[in-house]
Amino acid sequence: MFTRSLPLLLAAIVVAGCKNQTKTTAELPTLTVGHGDINVRVAATGVVEPINPVDIKTKAGGTVIQEPVEVGSKVNRGDLLAQIDPRDVRNAFEQAMADDVVSAMQMEKALRDRARKDSLFKYKVISQAAWDSTKSSIASATSDMVAKRATLDNRRQNLEDATVRAPIGGTIVSRPVTQGQIVTAATAANGGTTLMSLADLGRVRMRVTIDEVEMGAIRVGLPASVAIDAFPDHPFSGVIEKIEPQAVVTQGVTFFPIMVSIDNRDGLLMPGMNGEVTVKAADLKNVLQVSIDAIRATNELAPVSRMFGIPVDTLTGLLRRDLVSSEGTTGIPGRYAVVQLPNSTWEMRLVRLGPTDLKVVQVIEGLKEGDKVLSLGTILASKPAVAPKLQIAANMQRGASPTRPAQAGEVAKPAQSSEIASKAAKKP
């Protein structure tokens, strides 16, 4: 009889053990704070474009009779790019030359008249009025000669403008005008027909946009690595050339455009190619770090609420008003970690962070090496039957001074807010 009841007794003991086990405090996943290297990289995509392309125009309007270059042609400074029909401007130049010769002869005649009248006036042959009239004649001849020579110079420039030469060495990027087409003269800054665009492709650039949260690690002069889709096995080196101060908002997210100049001495990169820029923002050696899985913003309380069985509203009410949003105000979220204390309880603690590589983040204040922090990214499949005890660090509690920084290794004494949290956890 006793032998038959033994299995039943063992089964009852196992069941009782299982029930007791469910009442023990749940084991939560932890991560360890330690030292290591952090290589901070910021990546963004963009399109290759030329640096400061030059739009080629001419001050001479007319028909394009010669255009020896094509798109992609490499030219040196002074090479012929286009020839405008020079007949009209040449005729105007020759007419201006003739007018200049006439004005010079009139000036010479006025000077001879003045010399002759000087002699006559000396011997009292002519009156003072007749002698004074020569001054007016010379002034008129001088004015006419100056005007004619200015016109001649303008006509000479127009004739020279009919022959379009390269102002810089580079590559023809575009050529919207073909031979035989009539173009208008560029008499104003934005007027005239654009014959072609010329750019030096020895250096090109990419215009990419960086999220505002990463702009703290970006500055002019930082090196960058550029991966072009057309050359997956050929990385290119670049450097941040410029950061534009005006933000661009896309779908509610704020970005800042930056210009990355790229060495293209091999001539492999062409405008329009797509690629990815990776900026080498920082290389931190042997710094205190922790996995980003252990860090959350103070407006993200769902993981703590689930693991410790405390309603989110209760947690929000325990935190400083400047850390959370309340009715009529907008809080600035801080960053926190949940640290395991020696007495097997947990503490929600403010931390101050440095750069991150999206895997680990530098810890500046709030934690020390060897601390065990809760892995907040691990959401338990079900709420623990007996939730661990949680307390709020003193510098996070409502009413605490926001100027007091979190100290590494500080263990706050349980305050009234911690007791409220414990009572909330016991509610069914």
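The values are calculated or read from the model by the stated rules, or taken from the named source; none is laboratory data. Worth saying up front: this structure is predicted, and the values here are computed from it rather than measured. Glycine also receives a Cβ, built like all others from the backbone with ideal geometry; neighbour counts cover every protein chain displayed.
Has the stretch 94-111 got at least one residue that is in contact (Cβ under 8 Å) with a residue 60 or more places away in the chain and in contact with a Gly (Cβ under 7 Å, 6 or more places away or on another chain)?
Scanning the stretch 94-111 turns up no residue that is in contact (Cβ under 8 Å) with a residue 60 or more places away in the chain and in contact with a Gly (Cβ under 7 Å, 6 or more places away or on another chain).
Mind listing whichever residues of the stretch 238-265 are among the polar types (S, T, N, Q) and out of contact with any strand residue (DSSP E or B) (no Cβ under 6 Å at 6 or more places or on another chain)?
The answer is Gln246, Thr250, Gln251, Thr254.
Could you tell me whether Leu152 is under 23 Å from Pro86 (Cα atoms), touching a residue at least 60 places away in the same chain (Cβ under 8 Å) and assigned to a helix (DSSP H, G or I)?
Considered against the rule, which asks whether it is under 23 Å from Pro86 (Cα atoms), touching a residue at least 60 places away in the same chain (Cβ under 8 Å) and assigned to a helix (DSSP H, G or I), Leu152 comes out as no.
Do you know which of the residues in the stretch 37-63 that are in contact with an Asp or Glu (Cβ under 8 Å, 6 or more places away or on another chain) and closer than 19 Å to Leu80 by Cβ is surrounded by the fewest Cβ atoms within 10 Å (Cβ to Cβ)?
Here the residue is Thr63.
Within the bounds of the stretch 316-325, is there any residue that is at pLDDT 90 or above and not in a loop (DSSP other than H, G, I, E, B)?
no
Within the stretch 161-193, which residues are over 30 Å from Arg203 (Cβ atoms) and surrounded by 15 or more Cβ atoms within 10 Å (Cβ to Cβ)?
Across the stretch 161-193, the qualifying residues are Ala162, Val183, Ala185.
If we keep just the residues of the stretch 142-162 that are more than 46 Å from the chain's Cα centre (by Cα) and among the polar types (S, T, N, Q), which is nearest to Ala186 (Cα to Cα)?
Thr151
Please tell me if Leu201 is hydrophobic (A, V, I, L, M, F, W, C) and touching a Leu at 6+ places or on another chain (Cβ under 9 Å).
Considered against the rule, which asks whether it is hydrophobic (A, V, I, L, M, F, W, C) and touching a Leu at 6+ places or on another chain (Cβ under 9 Å), Leu201 comes out as yes.
All but one of (1) surrounded by fewer than 19 Cβ atoms within 10 Å (Cβ to Cβ); (2) outside any loop (DSSP other than H, G, I, E, B); (3) assigned by TED's automatic domain parsing to the domain that holds Gly61; (4) not hydroxyl-bearing (Ser, Thr, Tyr) hold for Ala147; which doesn't?
Just one mismatch for Ala147, condition (3).
For the stretch 270-288, check the following and say yes or no: at least one residue is in contact with a His (Cβ under 7 Å, 6 or more places away or on another chain), part of a strand (DSSP E or B) and on the phi < 0 side of the Ramachandran plot.
Yes, that holds for at least one residue.
Take the residues in the stretch 114-141 that are among the basic types (Lys, Arg), exposed (fewer than 13 other Cβ atoms within 10 Å of the Cβ) and on the phi < 0 side of the Ramachandran plot, then tell me which one is modelled with the lowest pLDDT.
Taking the candidates together, the pick is Lys122.
Of the residues that make up the stretch 196-203, is at least one of a type in the set (S, T, N, Q), more than 19 Å from Glu276 (Cβ to Cβ) and buried (at least 17 other Cβ atoms within 10 Å of the Cβ)?
yes
In the stretch 233-259, which residues are under 16 Å from Ile51 (Cβ atoms) and in contact with a Leu (Cβ under 9 Å, 6 or more places away or on another chain)?
Passing the criteria: Phe236, Val239, Ile240.
Looking at the stretch 88-113, which of its residues are surrounded by 16 or more Cβ atoms within 10 Å (Cβ to Cβ) and among the β-branched types (Val, Ile, Thr)?
Val89
Out of the stretch 206-220, which residues are within 12 Å of Met259 (Cβ to Cβ) and not aliphatic (A, V, I, L, M)?
Arg207, Thr209
Just to be sure I understand the filter: pairs with C-beta atoms under 7 Å, separated by 6 or more residues or on different chains, first member in the stretch 340-361 and modelled with pLDDT of 85 or more, second member assigned to a strand (DSSP E or B) and acidic (Asp, Glu). Which pairs pass?
Within 7 Å, the pairs are Leu341/Glu347; Val351/Glu365; Arg352/Glu365.
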